Structures are given as C-alpha cells and as structure tokens.
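The values are calculated or read from the model by the stated rules, or taken from the named source; none is laboratory data. Everything quoted here is computed from the prediction, not taken from an experiment. Cβ atoms come from the backbone with ideal geometry, glycine included; neighbour counts cover every protein chain shown.
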Amino acid sequence: MKHRQKGISAVIIIFIVGFVGFIIILSWFVLGKDKNKENKSTSTTSANQQSKAQDFGANNTDYGVFRADGYGTIVKQKGATCEEGPCQEYNYAFFNITKTSNTKLLDYLQMQGASPFFQERAIGIGCEDNGHISYMNSSDTKGTHTYSFSDEDATTIMNATAENPVTVEIERLQDSRGNIKSSKCYSYFSTFKIVR
C-alpha cells in the first residue's frame, strides 16, 4: 500500500510540475506577444511621426516628400554656358502638376520664379534623349549623383496627359551646401516614384 501511495504521489508531483511549467510557458508566450505588439505599435507610431515630419515644407523647410498628379512635357533649352559658337539645344523634361494636396509645394514653386528648372506648376525632372530621362541632384545625405528614370517610368510620365495624369511620389532631400545648378540636366528633386 505504501508503494502504491508513493506511485500516486509521484504522479501528482509530475502533474503539478507539468501544470506549473505549462502556465509559465503560456505566460511567457503571452507576455512576449504583448511586448512584440508594443514594439510594433511603437515602430508604427515612429514611422507615422517620421512620415509626417518628412512632408515637403514641414517646419518651413524646402525638402521632404509629396505626391502629385501630373504629366510630362519636353522643352528645348539652350546651354547656360557656351564656349565658342552658338549654344547647343537640348531636351529638358518637366513634370507638370495638375493636382497636389501639398500647399507648401505650390508656394515653393511660386518662389522659384524664372529658372530653367521650374515652370509655373512644373518641376524639372532632367534631360530627355530618345525617351530616356536622366538628371543630376545634390543632397547632404547622398552627395552629388546622376540618376536615370527606368524606361518604363519615363514612358509612363511622358505618355500621361492633363486629362489622364499619373501620380508620382517625389522627394527633395536637404541640401545645405546649395544646389549645383551648373549641370544642364540638374533637378532640384532627388527621387521620383510612380504610384501604381
């Protein structure tokens, strides 16, 4: 009988230890999930705050991100500096803005006045050559680089019209050194992403 009681006691002890272990593991799992939710919530909030802080013109800056509907046009430009002889003409592409909710951008465009890189409600996006668009841009974070649109994106922008515009997310990075405007293919804006 004592042997039988020891067997029952061992089974009860094993059951209790297993049950307590199960509770510990379950609580660890639940607390871990809550902590992950908290971390995800914090990172989402940070991303939202960061996104809002990066809107073009936020805090009276002249950089940031905005979305705009519009279409491309090409204008014949003359080189700014000509050595001997007449200046060479080249094709410069503009993104004509038909709609944007960013009023700071519209104010910024008005302030630019006469410039080879801006027109009324249009921003310069670079030189066009046989359907290919490339541009130079300077910023604090990336330095001075030459960029190119993919052929698909260039075609999409240039085939858009005022009646059938394309939506583009455009970013201007901060450039505290001042823009390098000597390049005929310069764009004040750093990135262009078609919203599909």
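Quick grid of which residues meet (1) closer than 16 Å to Ile194 by Cα; (2) without any contact (Cβ under 8 Å) to a residue 24 or more places away in the chain; (3) among the β-branched types (Val, Ile, Thr):
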{"residue": "Asn130", "(1), (2), (3)": "no, yes, no"}
{"residue": "Tyr135", "(1), (2), (3)": "no, no, no"}
{"residue": "Asp140", "(1), (2), (3)": "no, no, no"}
{"residue": "Thr144", "(1), (2), (3)": "no, no, yes"}
{"residue": "Ser148", "(1), (2), (3)": "yes, yes, no"}
{"residue": "Ala160", "(1), (2), (3)": "yes, no, no"}
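List the pairs whose first member sits in the range 42-70 and is in a helix (DSSP H, G or I), whose second member is at pLDDT 50 or above, and whose Cβ atoms are under 8 Å apart, counting only residues at least 6 apart or on separate chains?
These pairs meet every condition: Ser51/Val65; Lys52/Ala58; Ala53/Asn59; Ala58/Gly64; Ala58/Lys104.
Confirm whether Ala162 is buried (at least 16 other Cβ atoms within 10 Å of the Cβ), touching a strand residue (DSSP E or B) at 6+ places or on another chain (Cβ under 9 Å) and in the same structural domain as Tyr92 (by TED's automatic domain parsing).
no
Given (1) assigned to a loop (DSSP other than H, G, I, E, B); (2) among the charged types (D, E, K, R); (3) surrounded by fewer than 19 Cβ atoms within 10 Å (Cβ to Cβ); (4) modelled with pLDDT under 95, identify the lone condition not met by Asp175.
Among (1) assigned to a loop (DSSP other than H, G, I, E, B); (2) among the charged types (D, E, K, R); (3) surrounded by fewer than 19 Cβ atoms within 10 Å (Cβ to Cβ); (4) modelled with pLDDT under 95, Asp175 violates only (3).
Consider Ile125 carefully, then state whether it is in contact with a Ser or Thr (Cβ under 9 Å, 6 or more places away or on another chain), under 29 Å from Cys87 (Cβ atoms), touching a residue at least 40 places away in the same chain (Cβ under 8 Å) and not aromatic (Phe, Trp, Tyr).
Answer is yes for this residue.
What single numbered condition from (1) modelled with pLDDT of 95 or more; (2) surrounded by 14 or more Cβ atoms within 10 Å (Cβ to Cβ); (3) in contact with a strand residue (DSSP E or B) (Cβ under 6 Å, 6 or more places away or on another chain) fails to hold for Thr155?
Only one criterion in (1) modelled with pLDDT of 95 or more; (2) surrounded by 14 or more Cβ atoms within 10 Å (Cβ to Cβ); (3) in contact with a strand residue (DSSP E or B) (Cβ under 6 Å, 6 or more places away or on another chain) is unmet by Thr155, namely (3).
With the structure loaded, tell me whether Ser115 is over 17 Å from Phe66 (Cα atoms), of a type in the set (Ser, Thr, Tyr), without any contact (Cβ under 8 Å) to a residue 12 or more places away in the chain and surrounded by fewer than 16 Cβ atoms within 10 Å (Cβ to Cβ) or whether it fails that test.
yes
Would you pick out the residues in the range 67-84 that are at pLDDT 85 or above and closer than 19 Å to Ser115 by Cβ?
Ala68, Gly70, Gly72, Thr73, Ile74, Val75, Lys76, Gln77
What number goes with the only condition from (1) surrounded by 12 or more Cβ atoms within 10 Å (Cβ to Cβ); (2) in contact with a Gly (Cβ under 9 Å, 6 or more places away or on another chain); (3) modelled with pLDDT of 95 or more that Tyr90 does not pass?
Single failed check for Tyr90: (3).
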